[in-house]
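To start, the structure itself, in structure tokens.
What follows draws every value from the coordinates through simple rules; no lab data is involved. These numbers were taken from a predicted model, which means no experiment stands behind them. FYI the Cβ positions are ideal-geometry reconstructions off the backbone, even for glycines, and counts take in every protein chain you see.
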Amino acid sequence: MSDRHNLKANWDLLESFESDQSKGIEHPPLQKPVPEGVSLVSLPAIDMDDFPNSSISEAVMSRKSVRSFTGEPVSIVELSWLLWATQGVKSIVRNGIASFRTVPSGGARHPFETYLSVNNVSGLDPGLYRYLPFDHTLAHLRDRIPPSSVIKGCLDQKFTGECSVTFIWTVIPYRTEWRYGPVSHKIIALDAGHVCQNLYLACTASGLGTCAIGAYDQDIMDSLLDLDGRDEFVIYIAPVGRR
């Protein structure tokens, strides 16, 4: 039970801790660089008139986990909205070392990357993509992950491969560790919840459904995204489809 320590408010640990930030070490990139040769897909600009006029109270009241989808496609306009709602950049601050986004993050560090396993999105070829929030574009990494592989990686939860698109969030811990050292992992755990809750609300307001997935095989999911499992690894998953 000693791991529970990381969930507590251990801010006293910072009293004797010298962070890489305080040492003057350059901050890690706010966005994972794109390898040379990777094709980019521009996303539609966000126009709130494209979406139902649903109040926040209605969205909160109607929010629920959805595990069954109609099979109809999600549009690229809707996907653009979901990506912006969960990780959209509003401004870059503190001389370029942090960003304010549509979700809160401790120290504005935002340690997550958003990968998409696209199966059925109108206006977008099936494939594996990574969202680039500072450009509001998608990097097309390769052909799509077979739905059966996603299902296996999510411990045989079939709906994870029967959706239009699966959001797969990874974490790059050093983005937060650079500033907060020994208390970073509590902050990261809190931040992950902010991101997925915004996806729930954005889906609900758009007539779509999602379900947060915390039960998955770490090694399989990291392998599907070609991650090292140490400096970057999967932390949260959410399939999205029309309900």
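Going from the fewest other Cβ atoms within 10 Å to the most, the residues 162, 78 appear in the order 162, 78.
Once the Cα atoms are used to define both axes, helix 76-87 deviates from the longest principal axis of the chain by about 20 degrees.
Of the residues 135, 222, 47, 3, the one with the fewest other Cβ atoms within 10 Å heads the list, and the complete ranking is 3, 47, 135, 222. What the phi angles of the stretch 152-159 give under the Karplus curve with 6.51, -1.76 and 1.60, with θ = phi - 60°, is a coupling list of 4, x, 9, 6, 6, 7, 4, 5 Hz, glycine and proline written as x. Placing unit charges on the Cβ atoms only, positive for Lys and Arg and negative for Asp and Glu, gives the stretch 1-137 a dipole magnitude near 380 debye about its Cα centre.
Where does the chain land at 222 nm, in deg cm²/dmol rounded to the nearest 500, when only DSSP H runs of n ≥ 4 count, each adding -39500 (n - 2.57), divided by all residues? Computed mean residue ellipticity for the chain: -7500 deg cm²/dmol.
Principal-axis analysis of the Cα atoms of the chain puts helix 184-205 at an angle of about 20° to the longest axis.
For residue 220, put the label point 7 Å out on the Cα→Cβ axis and report which residues of the stretch 151-169 keep their amide N under 13 Å from it. Only 151-161 fall inside the zone, counting backbone N under 13 Å. At q = 0.13, 0.18 Å⁻¹, what log₁₀ I(q)/I(0) does a Debye calculation on the Cα points of the stretch 107-243 give, no solvent, two decimals? With one equal scatterer per Cα and no solvent, log10 I(q)/I(0) is -0.54, -1.05. Computed from the Cβ-Cβ distance with R0 of 25 Å, the FRET efficiency linking residue 135 to residue 190 stands at 0.40. GNM remark for the chain: springs join alpha carbons under 10 Å apart, and the peak mean-square fluctuation among 62, 16, 122 falls on 16. How many nm separate the modelled label positions at residue 60 and residue 142, each set 7 Å beyond the Cα in the direction of the Cβ? In this crude label model, residue 60 to residue 142 measures out at 4.3 nm.
Can you grab the distance from the C-alpha centre of the stretch 137-156 to the C-alpha centre of the stretch 95-134, Å, no decimals? Answer, in whole Å: 16. Tell me which of 105, 134, 59 sits at the most positive position along the dipole axis of the stretch 40-143, charges placed on C-beta atoms (Lys, Arg +1; Asp, Glu -1). The residue sitting most towards the positive pole is 105.
Using 0.36 nm per residue of separation minus the Cα-Cα distance, give me the extension gain between residue 68 and residue 10 in nm, one decimal.
Additional length available on full extension: 16.8 nm.
From the largest down, the chain spans 55, 44, 38 angstrom on the principal axes of its Cα atoms. For the modelled label position 7 Å from the Cα of residue 91 along Cα-to-Cβ, which residues of the stretch 13-55 have backbone nitrogen atoms closer than 20 Å? The answer is 30-31, 46, whose backbone nitrogens lie closer than 20 Å to the label point.
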